[in-house]
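Novice: What follows is a single structure, and I will ask about it in a moment.
The values are calculated or read from the model by the stated rules, or taken from the named source; none is laboratory data. Every value quoted in this text rests on a predicted model; they were computed, and no experiment measured them. Cβ sites come from the backbone with ideal geometry, for glycine too, and all protein chains shown count toward neighbours. Remember, those area values only see protein heavy atoms, side chains included, never the ligands or the DNA or RNA. Shrake-Rupley method; radii C 1.70, N 1.55, O 1.52, S 1.80 Å.
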Amino acid sequence: MNKLYLGGVVFTALMLLLTFLSVGTTKGGLNDDIVNMLAIAGAVALVIITVFVVIKYVRQMQVDSASGELADENWDGIGEYKNELPMGWAVMFLLTMIWGMWYFTIGYPVNAYSQVGEYNEDTAAHNTKFEAKYKGLTGDKLVEMGESVFLAECKVCHGINADGIDGKAANLNKRINAASVKYVIEHGSNYKLLGTDMPMPDRNGLFNANTGALITDAEIETVSAYVANGMKGDGAEIFVGACSSCHGPDGKGMEFVAPNLAGYTPALVANILNNGKKGAIGVMPKFDRLNDKQKEAVGAYITNISK
């Protein structure tokens with residue numbers, strides 16, 4: 001074998017060995033990481049291409065003599081032949097360009113390590129273990145868990161006593177206040193019942209069945225106070241005529257039709273946590289950071305303290 005080719009083979013093998021030792025044996029190395037594998041593959045290809053292209057043209061300079069038509073341009077008397085681009089060089093150049101563009105636009109972005117992705121995977125695995133461990137938790141233990149979750153995640157807005165911090169958030173010790181009822185009647189609600197995607201319409205869709213007319217401003221004021229007072233006092237007739245067909249005569253709601261207005265339930269709280277809520281105070285975002293059991297627990301806790 002020609003000494004030049006032999007030297008190239010030895011150099012290539014040495015470079016590949018050093019590449020493997022520097023990556024494959026270090027902490028984090030390959031470890032089935034597709035991005036590292038792609039990087040190593042690219043490095044291997046570049047080493048092989050570079051070494052053997054250099055060998056080819058060094059060898060060619062040793063044995064070949066220049067020939068052909070010179071270009072018109074020259075630099076200090078040094079001209080350039082109008083020879084065709086070598087096919088091997090052109091193919092290699094094109095392939096490396098294609099590889100580079102693929103790696104830059106698809107290879108790395110699609111397969112790269114993602115800290116957010118790792119966090120989501122770890123969170124999903126933790127939630128699976130959590131749900132399995134506490135699946136059967138009920139009663140006082142569930143309420144205790146809900147209190148812990150509430151103090152960790154909810155007290156910032158609703159206050160340590162769940163009183164809403166002077167109106168900055170909803171007072172969870174009471175199911176609803178008159179201002180909130182009035183707002184929902186006038187503007188509608190984004191509340192989405194389990195299994196449905198049907199929010200409550202605004203006042204233009206609310207009729208008082210007793211009078212056959214749209215609910216009036218005075219009726220809104222009266223029925224809002226009635227609902228906020230725990231379904232007591234004036235307004236019962238208006239509620240029955242305009243609201244009971246969905247919320248029931250006792251205001252406790254109907255499954256897949258309307259929520260409970262008389263009190264909190266774990267399902268109602270979990271639904272709000274899942275979908276968020278708009279109201280007289282403002283907009284509460286949905287709370288994706290809690291898993292299903294934690295949402296159930298918070299619902300149990302709020303239901304318990306609002307009795």
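Novice: How would 133, 56, 293 line up by accessible area, probe 1.4 Å, largest first?
Specialist: Per-residue accessible area, sorted high to low, gives 133, 56, 293.
Novice: State, as an integer percentage, the relative contact order of the chain based on alpha-carbon contacts under 8 Å between residues 6 or more apart.
Specialist: That works out to 15 percent.
Novice: Also: Summarise the accessible area of segment 138-305 (1.4 Å probe, protein heavy atoms) by the percent that is carbon and sulfur.
Specialist: 54 percent
Novice: Can you give the helix-only mean residue ellipticity at 222 nm for the chain, where every DSSP H stretch with n ≥ 4 adds -39500 (n - 2.57) and the sum goes over all residues, rounded to the nearest 500 deg cm²/dmol?
Specialist: It comes out at -17500 deg cm²/dmol, rounded to the nearest 500.
Novice: Now for a separate question. Lysines within cross-link reach of residue 82: Cα-Cα under 26 Å, excluding same-chain residues under 8 positions apart?
Specialist: Correct list for residue 82: 56.
Novice: Can you put 207, 150 in order of accessible area, largest first, using a 1.4 Å probe?
Specialist: 207, 150
Novice: Right, something else. Taking 2.2 N^0.38 Å as the expected size of a compact globular protein, what ratio does the Cα radius of gyration of segment 138-305 give against it, to two decimals?
Specialist: 1.04
Novice: Could you work out the local net charge near residue 267, counting Lys and Arg as +1, Asp and Glu as -1, over the other residues with Cβ closer than 10 Å to its Cβ?
Specialist: -1
Novice: Counting GluC sites (Glu not before Pro) as exposed when in a DSSP loop with at most 11 other beta carbons within 10 Å, what is the longest stretch of the chain free of them?
Specialist: 85-254
Novice: Taking every alpha carbon pair in segment 40-101, what does the distance histogram look like in 5 angstrom bins from 0, in percent?
Specialist: Reading the bins upward from 0: 4, 13, 18, 20, 16, 13, 10, 5, 1.
Novice: May I pose another question? Quote the relative contact order of segment 219-307 in percent (integer), defining contacts as alpha-carbon pairs under 8 Å separated by 6+ residues.
Specialist: Worked out over segment 219-307, it gives 20 percent.
Novice: Over segment 238-302, one equal point on each Cα, no solvent: what is log10 I(q)/I(0) by the Debye formula at q = 0.19, 0.22, 0.23 Å⁻¹?
Specialist: Normalising to I(0) and taking log10 leaves -0.80, -0.96, -1.00.
Novice: Rounded to whole Å and sorted largest first, list the principal axis extents of the Cα atoms in the chain.
Specialist: 110, 50, 33
Novice: Round to the nearest 0.05 the FRET efficiency obtained for residue 6 and residue 64 when R0 = 22 Å and r is the Cβ-Cβ distance.
Specialist: FRET efficiency, residue 6 to residue 64: 0.60.
Novice: Can you give the accessible area per residue of the chain, in Å², using a 1.4 Å probe?
Specialist: On a per-residue basis, 65 Å².
Novice: Related question: Take the residue pairs 141/295; 135/278; 129/295; 135/295; 168/252; 133/278 and return only those whose Cα atoms are more than 23 Å apart.
Specialist: 135/278; 168/252; 133/278
Novice: Which value, in Å² rounded to 10, gives the accessible area of residue 20 with a 1.4 Å probe and all protein chains present?
Specialist: We get 110 Å² for residue 20.
Novice: Right, here's the next one. Calculate, for residue 84 and residue 110, the FRET efficiency according to 1/(1 + (r/R0)^6) with r their C-beta to C-beta distance and R0 30 Å; round to the nearest 0.05.
Specialist: Computed FRET efficiency for residue 84 and residue 110 comes out at 0.20.
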